[in-house]
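Following: one structure in structure tokens, then a few remarks.
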Amino acid sequence: GAVVSQHPSRVICKSGTSVKIECRSLDFQATTMFWYRQFPKKSLMLMATSNEGSKATYEQGVEKDKFLINHASLTLSTLTVTSAHPEDSSFYICSAILRGNTGELFFGEGSRLTVL
Amino acid sequence: AQTVTQSQPEMSVQEAETVTLSCTYDTSESDYYLFWYKQPPSRQMILVIRQEAYKQQNATENRFSVNFQKAAKSFSLKISDSQLGDAAMYFCAYRSALIGDMRFGAGTRLTVKP
């Protein structure tokens, strides 16, 4: 199956700093990627849809200036958490659609962010 | 907006027995996909089974099968011959064929007792 890789898997940062999380499709081209946030013992909440070469579409309630998403190529999307605060601590998961759209999303391993 | 409802926060099954996880969804669309994903403690999302809405036949994958009732907007997952490795969080998900993003239910935590 298609592989999506996310990096880093764990990151700890100080409050006020920025953190970048990368999401790569390793063996396929992904025109669209999705970023989800998951709180402990909760479901995945869609944050934004990232389309290659265009601005991301954010879900209602998600601050686009805090969660910067860039999809510069068909294999890479990045999520930057700017001026991180402890309440931004969470598990972030990216996913991608295969070009041609088989229906299934392929998920990265997730990134656990801890803001001190 | 589409919503996915899983009414069972937790379920328990004896090893080798069968368990059914429930899922309902709400949509006005006719073309969509439905999925069950498994999330073990590693947090990696693993596809268990998927169903295209236009297909009447219920999907099956080895010990996993679904009961897809399109008119009732119901999509339950049956796990037969449960194994200890089946213990995980299970998420029901909906994906529009048009919009593309995937929406998840709240999840059901499945425990398998030896």
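The values are calculated or read from the model by the stated rules, or taken from the named source; none is laboratory data. The structure presented is a predicted model; accordingly, all values stated were derived computationally and were not measured. Note that we place each Cβ from the backbone using ideal geometry, even for glycine, and neighbour counts take in every protein chain shown. Keep in mind that these areas ignore ligands, DNA and RNA; they rest on the heavy atoms of the full protein, side chains included. Shrake-Rupley method; radii C 1.70, N 1.55, O 1.52, S 1.80 Å.
Values computed for the structure shown
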| item | result |
| --- | --- |
| Reach of A:Lys14 by Cα under 26 Å, taken over lysines that are not fewer than 8 positions away in the same chain | A:Lys41, A:Lys42, A:Lys64, A:Lys66 |
| Reciprocal of mean inverse Cα separation for the protein assembly as shown (Kirkwood radius, Å) | 18.2 |
| For peptides B:49-58, B:104-113, sequence by mean Cβ density within 10 Å, most packed first | B:104-113, B:49-58 |
| Within the accessible area of the protein assembly as shown (1.4 Å probe), percent carbon and sulfur | 49 |
| Cα-based convex hull volume of segment A:15-116 per residue, rounded to whole Å³ | 99 |
| 10 Å Cβ neighbours from other chains, averaged over peptide A:25-37 | 1 |
| Solvent-accessible area buried by pairing B with A, both sides, nearest 100 square angstrom, 1.4 angstrom probe | 1700 |
| Per residue value of the accessible surface for the protein assembly as shown (all protein chains in place, 1.4 Å probe), Å² | 49 |
| Shielding by partners, peptide A:89-95 (average Cβ within 10 angstrom, other chains) | 1 |
| Ordering of A:55-67, A:15-27 by burial proxy (mean other Cβ atoms within 10 Å per residue, highest first) | A:15-27, A:55-67 |
| Estimated inter-spin distance, B:Thr111 and B:Glu10, nm [label 7 Å along Cα→Cβ] | 0.5 |
| Hull-based mean projected area of chain B, where the convex hull spans the alpha carbons, in square nanometres | 6.7 |
| Equivalent ellipsoid semi-axes - Cα gyration tensor, segment A:1-63, angstrom | 21, 17, 14 |
